[in-house]
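Step one of this worksheet: look at the structure below.
The values are calculated or read from the model by the stated rules, or taken from the named source; none is laboratory data. None of the values given here were measured: they were computed from a predicted structure. Quick reminder, even Gly has a Cβ in these numbers, built from the backbone with ideal geometry, and neighbours come from all protein chains shown.
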Amino acid sequence: MKYTFLRVDPAWRRRDTDARGLDKREFLAACEDFGSDHLLQAFTLVGTRADVDIMLVAETENLDRIHEFHVVLAQSGLMKWCSQPYSFLGLRKGSEYSDDLRLAPRAFRGKYLFVYPFVKTRAWYALPSDERWRIMQDHIKVGREYPQVDNHTTYSFGLDDQEFVVAFDTDDAAAFLDLVQRLRTTEASSFTLRDTPSFTCIATSVERALNALDGEPVPASALEPLTS
Amino acid sequence: MKYTFLRVDPAWRRRDTDARGLDKREFLAACEDFGSDHLLQAFTLVGTRADVDIMLVAETENLDRIHEFHVVLAQSGLMKWCSQPYSFLGLRKGSEYSDDLRLAPRAFRGKYLFVYPFVKTRAWYALPSDERWRIMQDHIKVGREYPQVDNHTTYSFGLDDQEFVVAFDTDDAAAFLDLVQRLRTTEASSFTLRDTPSFTCIATSVERALNALDGEPVPASALEPLTS
Amino acid sequence: MKYTFLRVDPAWRRRDTDARGLDKREFLAACEDFGSDHLLQAFTLVGTRADVDIMLVAETENLDRIHEFHVVLAQSGLMKWCSQPYSFLGLRKGSEYSDDLRLAPRAFRGKYLFVYPFVKTRAWYALPSDERWRIMQDHIKVGREYPQVDNHTTYSFGLDDQEFVVAFDTDDAAAFLDLVQRLRTTEASSFTLRDTPSFTCIATSVERALNALDGEPVPASALEPLTS
Amino acid sequence: MKYTFLRVDPAWRRRDTDARGLDKREFLAACEDFGSDHLLQAFTLVGTRADVDIMLVAETENLDRIHEFHVVLAQSGLMKWCSQPYSFLGLRKGSEYSDDLRLAPRAFRGKYLFVYPFVKTRAWYALPSDERWRIMQDHIKVGREYPQVDNHTTYSFGLDDQEFVVAFDTDDAAAFLDLVQRLRTTEASSFTLRDTPSFTCIATSVERALNALDGEPVPASALEPLTS
Amino acid sequence: MKYTFLRVDPAWRRRDTDARGLDKREFLAACEDFGSDHLLQAFTLVGTRADVDIMLVAETENLDRIHEFHVVLAQSGLMKWCSQPYSFLGLRKGSEYSDDLRLAPRAFRGKYLFVYPFVKTRAWYALPSDERWRIMQDHIKVGREYPQVDNHTTYSFGLDDQEFVVAFDTDDAAAFLDLVQRLRTTEASSFTLRDTPSFTCIATSVERALNALDGEPVPASALEPLTS
């Protein structure tokens, strides 16, 4: 599972309309090609973050497919003007603290996705496993009080700079903010080493995310997520 | 509530006067359009910070409106030469420690606005809630000794890298400095994890903030804040 | 032993096809020349990291040979458009905790290489040596439960910013992730000061790594490592 | 009180001599205009820091004057090629630990100025005020053993990222180094959270600081500070 | 004593051969002029660090001479394409823990120079001076077991971001690595706050260091240090 955060060089906005149109069509074609047999979702961060314009989530059966997608994407005109300020690589894996099934690919369905990299303190891992299990049950219980917020967690140990990539999928940003503030007072929270940067992502289609770079805003009515 | 910090590429100042004039008029038009039915305030940081020239505060009913404003703003000529060194996203929410009403949108009224992102230590959240309440009363009491300094706090848990965006609105910079130094000795202060970067913002109109980029200084007599 | 991480300026992708072809052929020639009598392996990070495109591992008999290789490489057209976001320099040396032979140069053989710089806390070095030996035995025992993951460690004390460069060579990314997560609960783990950034590298040939910059993806069937 | 640190883009040095001359004359004119009724001093850091070429200290009666000076300065040709790697904003205020008068503006008089931003730990502020007073007396006593080193401290609480801007004015760099090393062993020193970056600034005139960017070195005989 | 670390913009390598030749001759002339009556040594870091190409060590009788050398150097063509990623300023001073004479200027003589900035914890300075003396004797004893590694330490308290600049001069990189690893287990090591970045520098002449930027590698036989 790959979260790719893209930022367009301000100089790209100074190109003429036709060149920008072609740049975007090539980017869209690469996404559509990959999306024909893989899960690919697009989000816009224009207005919510200073350092990111578009975020793509791609899910594949192995690392090689992710690589191939990025090689093709890099050939598009738009990527010749993009930097990647962030990139999170994670694998699905069952949790040792919960029976929730996390292994099957499933699309994000909410209007908003909140994503952050997550690292626990080494003191956490020094606890006995039944103690860690006990502490996590309280954390999980608080989460269940917010059924409108759906948690997706993938694992990055050794593959990337964080231990986990945490994503929360919801239509209700205020409820999510409440949940995060509530979780601060759980015992589990004291074992957090890092949970930033935190990204507020607005679900949209690839095409609309591209248009938001230099054209029309994404209309509110269009904010349902499109999956391939 | 969105705080957007903009910095103009020095190369923009090398463009000719007409091009700069058009770039600024497009930016102003985007702000006037949004400001016709939303709260939008402009501040200049020329001279107070090295890394920011203009700060905009926009308040909207939801995240989608913020997104739409930034899409339109990005189409203006000036934004093709701007970077966003900082951006803070927060929501209004009642405080658990005070009855002060913080939910209603209200404009900043002072000559200066002092803004910083705020994160508390996890030890704070491990305290019992009545203990936190007791500690905050002393903090609030000190704040009330400075009635000329008006506190605006919004919440960012999970939405952005900080927990809170703190903004102090005042005509009296020296009184604000005294207040911050006084607050260091309160018990609450020992639970601060991060309260920087700290921004000294001078209230002005969008038009004057734009002129300060390449033209005339904002005259002292014009330093009353303009709201939409 | 030198790990060199390269990133191509997006502007390079805007050069015409012939110029890019020549730039890549010069880079390849420098690698082939060096590889004729030294160990040189190439990896692609397109799709796994935001900040690196190619990683080269070179092993030489002394520092002067590494220097000479980089002087020649810098003359190639491609390097005139590359930055080096990371670089790790290490020497082979026997471990005081294990009889595993680490002194002889040996090529990486797996589909993936996971690399990170490693620094231990000063509390670790304050332990008596027999205590450190005891703690490492448990760490080594866990590693041996994953025979499909081959550890290569080199030493950087005083030569570079880390103490060790750790590299894990494997065909099985999921097993490696399991191993790293398991190692978090060993006693040795509590003495880790830094183990990031962490790089997921896909083994390939220099030629294919170059083509992945602007052309065809590396086909999965080609992902066996090529050594000089 | 404003410390502004400027760095010239290396590309500026590639402009032709006439263009550089005009760029510098405009910068000088802005400084002379401001300096006609305000305290303005110039320092060169060519050779002492990698990231700064010129430092200006400006003192004004309020923040608005600082803003106006920077608006005018930004219109000069040279500023179109400058970045500001650092900027420190502070206010004069009496010390609670000393009767030394710090409120009146006074020019720096030495050949060298050593400047750094300063933040104390929160443990410091948790001490009773008489305990803090006692600890500071020892610190002040050591400082008085170096009468050739003159301390200027301004306050930045809430206005900028540091709590204090500390400046030491002297002709004797070796004595200053001794003083700082001596102060490390005082009790006050253990409450320092941050005292870097630290800048070695050579006093000169604005004109000579400008010439040091692309022309003749500042002759040793000219190293007396010029004030407006 | 000034350590200046230079990195050439990759775009410089795209200039034509004649322009590069002139750029280098001007740089060399500035070094030869300064070197005619001062100690100046050159090192290449091509291949050992990602972020530095050349390091110059200059020793002068006062700060003004360092400034003058950098003004003249900045006029050379090459410096118009260089950034200075690092710069360390230090003064010679006798050690309170050793009778070794460190005051007289002496050239580096080995094939390699290992340089890093060094900061001790404040807990170190809180120890009584005889306790610090005792702890340092063990540190010094370990150092003396490696007579082929020659330590040069200069003092930067208040002048630059570190407390000391540490340089180790040797022909034997592996012995130096052993020494640093051995020193980790001394009591003194637990009082280290920062000892990175760490630079592996290959001794050469200015001329050869310049040629390594875009031309021939420095032949191994030429790796004896040249001093002015």
*Could we say that C:D138 is on the phi < 0 side of the Ramachandran plot, free of Cβ contacts under 8 Å to residues at least 24 places away in the same chain and either touching a Ser or Thr at 6+ places or on another chain (Cβ under 7 Å) or not in a strand (DSSP E or B) (or both) here?*
no
*Filter region D:73-123 for residues that are of a type in the set (F, W, Y) and under 13 Å from the mean Cα position of the chain (by Cα); which is surrounded by the most Cβ atoms within 10 Å (Cβ to Cβ)?*
D:F88
*C:M1 passes all but one of (1) aliphatic (A, V, I, L, M); (2) without any contact (Cβ under 8 Å) to a residue 24 or more places away in the chain; (3) touching a Gly at 6+ places or on another chain (Cβ under 7 Å); which number fails?*
(2)
*Which listed residue is crowded, with 20+ Cβ neighbours inside 10 Å, within 14 Å of chain A (Cβ to nearest Cβ) and modelled with pLDDT of 95 or more, from C:L6, C:L45*: C:L45
*Would you check if there is a residue in region A:160-172 being over 16 Å from the mean Cα position of the chain (by Cα) and closer than 26 Å to B:S95 by Cβ?*
yes
_Residues of region B:105-132 satisfying the condition of being more than 11 Å from chain A (Cβ to nearest Cβ), in a loop (DSSP other than H, G, I, E, B) and more than 21 Å from B:F176 (Cβ to Cβ)_ = B:P105
*Regarding B:G90, is this residue modelled with pLDDT of 95 or more and either of a type in the set (D, E, K, R) or within 20 Å of A:D172 (Cα to Cα) (or both)?*
yes
*asked:* So for region D:210-223 (the condition being more than 10 Å from every other protein chain (Cβ to nearest Cβ) and at pLDDT 95 or above), does at least one residue qualify?
replied: yes
*asked:* Take D:Y155 and tell me if it is closer than 27 Å to B:L183 by Cα, of a type outside the set (D, E, K, R) and modelled with pLDDT of 95 or more.
replied: yes
*Look through region C:133-160, keep the residues that are small (G, A, S) and closer than 30 Å to E:Y116 by Cβ, and return whichever of them is nearest to the other protein chains (Cβ to nearest Cβ).*
C:G158
*Any chance you could count how many residues in region A:191-213 are within 19 Å of B:P117 (Cα to Cα) and polar (S, T, N, Q)?*
3
*Applying the selection to region D:167-206, what residues are surrounded by fewer than 20 Cβ atoms within 10 Å (Cβ to Cβ), in a strand (DSSP E or B) and in contact with a strand residue (DSSP E or B) (Cβ under 6 Å, 6 or more places away or on another chain)?*
D:L193, D:R194
*Some residue of region A:161-173 being at pLDDT below 95 and more than 9 Å from every other protein chain (Cβ to nearest Cβ)*: no
*C:A50 of a type in the set (G, A, S), surrounded by fewer than 23 Cβ atoms within 10 Å (Cβ to Cβ) and more than 27 Å from A:Y86 (Cα to Cα)*: no
*Out of D:A107, D:A123, which single residue is among the aliphatic types (A, V, I, L, M) and either in contact with a Ser or Thr (Cβ under 6 Å, 6 or more places away or on another chain) or under 30 Å from D:E207 (Cβ atoms) (or both)?*
D:A107
*Please report, ordered by residue number, the strands (runs of 3 or more DSSP E) entirely within region E:1-87 with at least 2 residues that are of a type in the set (S, T, Y).*
E:2-8
*Quick one: would you say A:T17 is of a type in the set (S, T, N, Q) and within 20 Å of A:G215 (Cα to Cα)?*
yes
*Given the residues C:F108, C:F69, which is the only one that is under 16 Å from C:V166 (Cβ atoms), modelled with pLDDT of 95 or more and of a type outside the set (S, T, N, Q)?*
C:F108
*Every residue from region D:59-74 that is of a type in the set (D, E) and either closer than 17 Å to B:R7 by Cα or touching a Pro at 6+ places or on another chain (Cβ under 7 Å) (or both)*: D:E59, D:E68
